[in-house]
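> So that we are looking at the same thing, I have put the structure below in structure tokens.
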Amino acid sequence: MTKDIGNKVMVNKSKSYLLPLLNEHVKIKYLYLLENTFINVKSYLECIGLLFKISDDINFIRYCNNLEEHPLFKECICTKNHMLFVFHFPEQFLNEYKYFKLGRYSRFSHDAKKKIVKFFSHNYQYPELVQELVHILYKNRSRKERLEKELGIILTDEDELTSIIDEEEETFKSENYEYL
């Protein structure tokens, strides 16, 4: 679920690490309406759900119709003000999907890492976010040292430089969006 922390909206890790990879197969548009992503939707395996705020923009409606025609499309779940489009995750990036679920972000392929960084660099005006993703994906030494100091621990070379996913946050529950 999207968390509101102060004025900063926190989104699921799948939006940062998996959405750019899905974009290689399903062109993601209307990012300003995309509120979050989820990897746990009903009993689907190896899927990702894209949660859009509903809009009456005719071009957005056409886009939604096109999403439903995509070969990876599974289902659309509607709530009062949202639509969740569920897709099977692309075969090309299933290893990254599995590493993501294990919290092993640095094990993503070089190609996948480049696609993630490129997606965020082109679509968002947050250089700090792009830098943070690069530091996590490539296990930046200065990030490791900063984390060691903040946490008061010594990290091994095997340790990742961000937390593992929160399965609860990555689970779509329609009741959370009935009245939003």
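> To test your reading of the geometry: what angle, between 0 and 90 degrees and rounded to tens, separates the Cα axis of helix 127-137 from the longest principal axis of the chain?
70
> Hey, of (i) 29, 18, 16; (ii) 31, 19, 14; (iii) 29, 19, 13, which did the structure itself give for semi-axes √(5λ) of the Cα gyration tensor in Å when calculated?
Calculated semi-axes √(5λ) of the Cα gyration tensor in Å: the matching label is (i).
> I've got another one for you. For the chain, modelled as a Gaussian network with Cα springs under 10 Å, which listed residue fluctuates most, I77, I39, I154?
I154
> Against the longest principal axis of the chain, how steep is helix 58-69, in degrees 0 to 90 to the nearest 10, with axes from Cα atoms?
The angle comes out near 80 degrees.
> Can you tell me what share of the DSSP beta bridges in the chain is antiparallel? A percent to the nearest 5 is fine.
Of the beta bridges lying entirely in the chain, close to 95 percent run antiparallel.
> Let me ask something else about it. What is the calculated FRET efficiency for N81 to S121, with r their C-beta to C-beta distance and R₀ = 35 Å, to the nearest 0.05?
About 0.70, to the nearest 0.05.
> Kindly express, to the nearest 10 degrees and within the range 0 to 90, the angle between helix 110-123's C-alpha long axis and the longest C-alpha principal axis of the chain.
So the inclination is approximately 60 degrees.
> Here is a follow-up. Got the relative contact order for the range 3-162 handy, in percent, Cα pairs under 8 Å and 6 or more residues apart?
Computed over the range 3-162, the figure is 17 percent.
> Moving to a separate point now. Beyond a 28 Å Cα-Cα separation, which of these cross-linked pairs lie in this structure: K115/K149; K27/K173; K29/K144; K74/K113?
K115/K149; K29/K144
Bear in mind these aren't lab numbers, they're just calculated from the coordinates by the rules spelled out. Predicted, not measured: the structure shown is a model, and the values here were computed from it. Here the Cβ is made from the backbone with ideal geometry for all residues, glycine too, and neighbour counts use every protein chain on show.
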